[in-house]
Each structure stands twice: as structure tokens, then as C-alpha cells.
Amino acid sequence: MPGKPLLLKIVSIVTYLTAFVSVCLFVNTQMNKYDYFIYLYGTSTAPGSKALVKVLSRDGELVSNPVVFVNGVKQLSSLIDLRPDMKEIKVVFGTTEAAFPLKYKDVADYSFVPQKKLRPTGQEAEKAKIINVGNRKIFLLPENFRAVSEFETTVGLYCTENDKPCSDTSIFLDGSQHELNGGFMKFSTVFGKDQGVNISFESGDSGYIPIPYPGKMFKFYKTQNSLTLASLSDTRNVHIDCFNDGKWIGTDIVSVSYEGLVLPEPYTRCDTVQASLNSASPGTMFAVLTSAKTLLGKIDDPYFAPLSKALPQFSQSAQRFFVTSYNSSFFQPLSTIFSGEKLEKEFNTSRNAELSAYRIMLIISAVLGFFLFGYIMLKNIKVVEDEDGEVISNSLAKQRAIAIGALAFYALFILGLLYFLNNLA
């Protein structure tokens, strides 16, 4: 049958071409990794709510200053509005872009838990010891609760005796005499590495008073018309949060130096401004500036709770200073309202489905190729004799053994290829 050899060739070519294409598609899909994760932070998932977009690489590095697009429309910053028609968020940074098929429904269906305000940790509270100087208790309360000792800081000093403002009219700070008005005074200093101040009274009582909760990085400077944030070292990706009446207004991600960064004018209208390296999880490296006139929480801190008993007997100015300073001990973290891990799972599910399809194609073509290879080899086995009738080819048994060996090698090669592909990094 003259067409049979041609048909066999066509089937062989198609089979091996299919196997080759399957391998190429499999490798290409296997190497397609999910390299970037998108996270949304905020306080609500309701339509119209604000959300902060953050993109992290697989190794956990935050993408700096990305250009954000929602449904193809460029946004002014990383702060976006949650809209019911949202279908995609794309970020561009440098020559790289990453598109995320994120629909509003994905965010609305995400179960998030609003975070509670952060307070000093138990370990910090254990280190904040109340110092007695004679019969007096001395409390230091920086204008920003976490005072960074390297920056000049205004501090309120409260002196109590038997749960009342102490009666002393003056106090010595590092040898310099200052007026003590009803057990309260304010002073400005750079604490330095000692992180404290030496005090003494005319009676001869003296002691060393350390800062109760020292800060680590940031310092706010407020003037009548501006607000400046400074950092001990040049720091990128600093999160600046704005709150009014307890409601989150927005967040900017900026770079801050020791010389300081003058924040945009709208921040002067925020009653609470927070600075941290991560609005959702700041640890203890944060600073808060607030003008709230009422306490944002109970005075249950073990260091300042004893002061609260005498606080009503202090002057109004001393009470106001305490309220604004103590309020800066509260940090309100943003909640994660969408985690990029969900998109990664969807991506991996889709990729695994593709890999399974290509794997099946490869297995089918490999099995078919195995039978074609075996058929062609066995079909061409024959004994060749010369003119004298002497056998000049291998014997049938030896040729069959060679064919079986070749088929075995073929099978091992396919199994090895499948193993290699499945474990391809």
C-alpha cells in the first residue's frame, strides 16, 4: 500500500512536533512565577472608601513610589477610592509593570478585622520605672510620647507627693534651677545617649530620671503654619497617616531625612498624624502628633496611672499638656482589607491547570511516539544474506534485543523528562 509509509511519516512528524510544543509550553508556563503581591490597607471596604495600595516583591521588599492605575486610569498617588466598577489595578515602577486582576467584589468579600490601637508593650512597661526622690514621685512626659533622645524635645515634668502636686517651688535640672509651678514645669533638652536628666531639690533630695518610653527614629516639629517630620537617618518608605475625629483620611509614603521634610499643607488640618515604617504593623518605631483635647483611652499605663490620681489637682495647662502628650501614645494601625496571597492562589490554580493540560499532551504524544518508534524498529528487523547465503547482518534475536534496549532507553528518557519538568524551579 503506497500511502501507508507516507501516512506513517505524517503521524510521526505530528506526534513528535506535538511533544516538542508541549515541552516548550510546559517550560514557559512553569517559569512564569508570581513575583509581586498587592495589598490594600484601610479602615473600610464600603464603596467610596479610601485604600492604600502597597506592592511587595516575592522577597518582601516594598516597591517604592509605584505609579498606580485603576482600570487603566492613572492615580495621583498610592491612595485610591474603592469603586464597584474596579476590575484591575496596575502598578508601574521603573521599567517593570505588574497587573493585578483585582475586582471590587474581591475586596468586599475579604474578611478583615479592624485593628485596635497600639500601646506600649509589656516589656517596655517593665522598663519604665517610677523614680522616687525623697517622698516625691517624678514623671517625665515628652510632648511626643516616644521621645527620640537625639532630637531636642519639650518635656513636661510632674512632681507628686502623697498623690498631690508637690509643694516645692523650684527644681534643679542638671544643675540648673527652674521654677516649679504647682508640681509642674516644661523644659526643652536633648537627652543624648543617657536618655534622662539629673534632678535635685533645695532640700538636698536628688535622683536620675530616665525617659520612660524612648523613641527610636522620628520627630515631629510643629509651627503655626507647617508640620515637619525628621528622621535620625535618611529613610525611605515612611508612612504618614492622617486622622480626623478618629477617621482615617489618608496616607502618604515619603522619604525623610535628618533635616526634616515639610509635610503637605493638608496635614496641618489633621488632628492626629502618625509616622511609621508600616501603617499596618509599626512595631515600636513610630511617632504620633495629636491635638485631640480629650483622652483617646484610659490612663492604664503602669507608669502614668499613679499620676492620674493627682492629675485633677494640677493646673489646667498641666492637664492639657498631659492629654495631648498621652494621646500620642496611641497608634491606630491600618487594617489589611485585601491580601495579595488570594490572587497568588488563583494564579497558581490557573497555572497548574495549564501545566496539567501540557503534561497530558506530552504523555499522550510520548506514548504514541513509543509505539510508533517500536513499530518502525520491529518492522525493519530482517536478516540479510550475501550472494553466498552467508548472514551479514545481526541475528534476529540480537536485533530484537537492540530494539527492546532502544525502547527501554526511550521510556527512561520520557520518564526522566517528565521528572525534570515537574521539578523545574
Counting only residues that are among the small types (G, A, S) and in contact with a Gly (Cβ under 6 Å, 6 or more places away or on another chain), how many does the range 221-272 have?
1
Specify the residue that is farthest from K127 (Cα to Cα); the eligible residues are those in the range 252-304 that are in contact with an Asp or Glu (Cβ under 8 Å, 6 or more places away or on another chain) and open to solvent by 50 Å² or more (accessible area, probe 1.4 Å).
P264
In the set P214, P210, the lone residue that is open to solvent by 30 Å² or more (accessible area, probe 1.4 Å), in contact (Cβ under 8 Å) with a residue 12 or more places away in the chain and under 31 Å from the mean Cα position of the chain (by Cα) is P214
Within the range 76-106, residues among the polar types (S, T, N, Q), under 21 Å from the mean Cα position of the chain (by Cα) and either surrounded by fewer than 11 Cβ atoms within 10 Å (Cβ to Cβ) or more than 18 Å from S339 (Cβ to Cβ) (or both) come out as S77, T96
Among the residues of the range 86-114 satisfying the criterion of being among the aliphatic types (A, V, I, L, M) and touching a residue at least 60 places away in the same chain (Cβ under 8 Å), which is farthest from T43 (Cα to Cα)?
A98
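Answer yes or no: is there a residue in the range 140-163 that is closer than 27 Å to S291 by Cβ, acidic (D, E), out of contact with any Leu (no Cβ under 8 Å at 6 or more places or on another chain) and modelled with pLDDT under 85.
no
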Take Y39 and decide whether it is in contact with a Lys or Arg (Cβ under 7 Å, 6 or more places away or on another chain) and more than 30 Å from F371 (Cα to Cα).
yes
Looking at the range 107-114, can you tell me whether even one residue there is in a loop (DSSP other than H, G, I, E, B), more than 30 Å from L82 (Cα to Cα) and open to solvent by 60 Å² or more (accessible area, probe 1.4 Å)?
no
Do we have any residue at all in the range 306-320 that's part of a helix (DSSP H, G or I) and touching a Leu at 6+ places or on another chain (Cβ under 7 Å)?
yes
Quick count over the range 157-166, residues being buried (at least 20 other Cβ atoms within 10 Å of the Cβ) and within 47 Å of the chain's Cα centre (by Cα), is 5
Return the pair list, or none, for Cβ contacts closer than 7 Å from residues in the range 61-73 that are within 15 Å of Y36 (Cα to Cα) to residues that are open to solvent by 60 Å² or more (accessible area, probe 1.4 Å), at least 6 apart or on different chains.
S64/R236; V67/K74
Every pair of residues 6+ apart whose Cβ atoms lie under 7 Å, when the first sits in the range 339-351 and is under 11 Å from F100 (Cα atoms) while the second is of a type in the set (A, V, I, L, M):
G340/I38; L343/I38; L343/L102
Name the one entry in E88, E143 that is in contact with a Phe, Trp or Tyr (Cβ under 7 Å, 6 or more places away or on another chain) and among the acidic types (D, E).
E88
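If I ask for residues that are out of contact with any helix residue (DSSP H, G or I) (no Cβ under 9 Å at 6 or more places or on another chain) and either open to solvent by less than 70 Å² (accessible area, probe 1.4 Å) or not polar (S, T, N, Q) (or both), which ones from the range 167-184 would you list?
Within the range 167-184, D168, S170, I171, F172, L173, D174, G175, S176, H178, E179, L180 qualify.
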Take N132 and tell me if it is part of a strand (DSSP E or B), open to solvent by 60 Å² or more (accessible area, probe 1.4 Å) and modelled with pLDDT of 90 or more.
yes
In the range 14-47, what residues are open to solvent by 70 Å² or more (accessible area, probe 1.4 Å), in a helix (DSSP H, G or I) and not aromatic (F, W, Y)?
V14, L17, N28
When you scan the range 145-154, how many residues do you find that are open to solvent by less than 10 Å² (accessible area, probe 1.4 Å) and touching a helix residue (DSSP H, G or I) at 6+ places or on another chain (Cβ under 9 Å)?
2
Going through the range 321-351 one residue at a time, which ones are among the hydroxyl-bearing types (S, T, Y) and in a helix (DSSP H, G or I)?
T324, S325, Y326, T349, S350
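Inspect all residues belonging to the range 222-239 and state whether any of them is open to solvent by 40 Å² or more (accessible area, probe 1.4 Å) and in contact with an Asp or Glu (Cβ under 7 Å, 6 or more places away or on another chain).
Here is the first cut: in the range 222-239, the residues open to solvent by 40 Å² or more (accessible area, probe 1.4 Å) are 222-225, 232-234, 236.
Next, from what is left, pick out any that are in contact with an Asp or Glu (Cβ under 7 Å, 6 or more places away or on another chain): 232.
So far as the range 222-239 goes, yes, one or more of its residues are open to solvent by 40 Å² or more (accessible area, probe 1.4 Å) and in contact with an Asp or Glu (Cβ under 7 Å, 6 or more places away or on another chain).
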Just to be sure, is A147 touching a strand residue (DSSP E or B) at 6+ places or on another chain (Cβ under 7 Å) and within 28 Å of K247 (Cα to Cα)?
yes
Out of all the residues in the range 272-295, which are over 16 Å from F145 (Cβ atoms), at pLDDT 90 or above and over 23 Å from the mean Cα position of the chain (by Cα)?
none
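The values are calculated or read from the model by the stated rules, or taken from the named source; none is laboratory data. Note that the structure is a prediction, hence the values are computed from the model and not measured. Don't worry about glycine lacking a Cβ; one is built from the backbone with ideal geometry, like all the others, and counts go over all protein chains shown. The accessibility values were calculated without ligands, DNA or RNA, using every heavy atom of the protein model including side chains. Shrake-Rupley method; radii C 1.70, N 1.55, O 1.52, S 1.80 Å.
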